[in-house]
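Step one of this worksheet: look at the structure below.
The values are calculated or read from the model by the stated rules, or taken from the named source; none is laboratory data. Note that the structure is predicted; figures quoted are calculated from it, not measured. Positions of Cβ are backbone-derived with ideal geometry, glycine not excepted, and every protein chain shown enters the neighbour counts. Ligands, DNA and RNA are stripped out before the accessible areas are found, and what is left, the full protein with its side chains, is counted by its heavy atoms. Shrake-Rupley method; radii C 1.70, N 1.55, O 1.52, S 1.80 Å.
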Amino acid sequence: MELKKIEIRALSRAAGDRRELDPASPCVQQLFEAVSGSFGRRSALTHGAFGEESLQEHPFAGALLAMTGALDEADLGNLADVALSRLLESASAEQPDDEQDSQLVCLLYQSDRYHYLLLALLEHETRLGLDATLQPVETRILAAERLVQALRVNLTRLERGQDSYLSFVPGKRNGSVGQDFPGAFGCSEAVPASHCTRELIRATRDYCNQRQLHERKDEVVEDVVSYLERQREDKQHASLNEIERLFDAYIPPEQAESSGTTFGQFANTEPYQVTQEFQPHSGTLRALGKVKTKSDNWQLDFARRSLGPKESDRDILFDEEGQTLTLRRLPTRVIQTIREALEQE
């Protein structure tokens, strides 16, 4: 990752302290790595996007859109000022001044082919130290690895008009200024159910490939789809935690933890960005689970897992060059039905 720019603001009603920091400073690099690393390790991110109205009218969205393009020329200072102003304006008058001595850290950086903006609310915390005489004393440090709230924008996805370019670390500090990042910045916490459903299945297949579960991949996908269908029928949300437990039958939990990435963490982050909880999308499930098509004289309706290329071991083989479909391992009752049909001719 490459840090391009960084700004910091004191979160108080006075809002007097503002700083542009040097990205090349070793201490600033440590701050960047601590904040971005803490965000990256979160396994319960909420994803979303701006509403059309917010993109056109909201001050923060306007400042953000002005930044898309060349990062080196982006006015991060202006956006940090707008963000601070919005956080202060979103707090009701009866809320107290910020007593936690909080800081709003704004990071502009590049990771692989994506450009990101990360806004993080940090607090100071009291720890024990030793003075020159080895006496214990209290000292105040910035808790850079403990995010109170955070919002990350994938600027590349936003510029391309793609879904799910916002990611949140949800949380509220009741009664404090800056308690509502999404509301202050005009963001929606909702990701389309179709996106989560589709990307969850894609993440399932990719995770199986990564864990060398090639021979059982179809079985795992079937388990996940069946779970989503049950949740949909019961009008319940799907949960990444519950889906993660489905993998216990294929990957022992201790093995999953030792690898450093559980399925929930894998699906919750880039490039899939599946929200921790979501409502399964019925139309997407139907498309994922079934192949339905028809001609004038026939119709097909079969499970997608049964379909494969002609060299595979699936029950239904498709020869794209010959434009034929072959049914294998026909049940006895199907064979009998076909025989009876032929005898009637």
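Yes or no: S54 at pLDDT below 85, in a loop (DSSP other than H, G, I, E, B) and either polar (S, T, N, Q) or touching a Gly at 6+ places or on another chain (Cβ under 6 Å) (or both)? In short, no.
Answer yes or no as to whether V82 is at pLDDT 80 or above, β-branched (V, I, T) and part of a strand (DSSP E or B).
On the way: at pLDDT 80 or above: yes; β-branched (V, I, T): yes; part of a strand (DSSP E or B): no.
No: the conditions fail for V82.
Filter the stretch 315-345 for residues that are in a loop (DSSP other than H, G, I, E, B) and open to solvent by 70 Å² or more (accessible area, probe 1.4 Å) and give the result. Scanning the stretch 315-345 gives E320, E321, Q323, R328, R329, Q344, E345.
Please enumerate the residues belonging to the stretch 125-161 that are part of a strand (DSSP E or B), among the hydrophobic types (A, V, I, L, M, F, W, C) and either within 18 Å of A49 (Cβ to Cβ) or at pLDDT 85 or above (or both). Spell out how you get there, then give the answer.
Going through the stretch 125-161, the residues part of a strand (DSSP E or B) turn out to be 125-130, 136-142, 149-154.
Now drop any that are not among the hydrophobic types (A, V, I, L, M, F, W, C), which leaves 128, 130, 137, 141-142, 150-151, 153.
Of everything in the stretch 125-161, those that are part of a strand (DSSP E or B), among the hydrophobic types (A, V, I, L, M, F, W, C) and either within 18 Å of A49 (Cβ to Cβ) or at pLDDT 85 or above (or both) turn out to be L128, L130, V137, A150, L151, V153.
Looking only at residues in the stretch 271-303 that are farther than 30 Å from T46 by Cβ, basic (K, R) and modelled with pLDDT under 85, the one that is farthest from the chain's Cα centre (by Cα) is K292.
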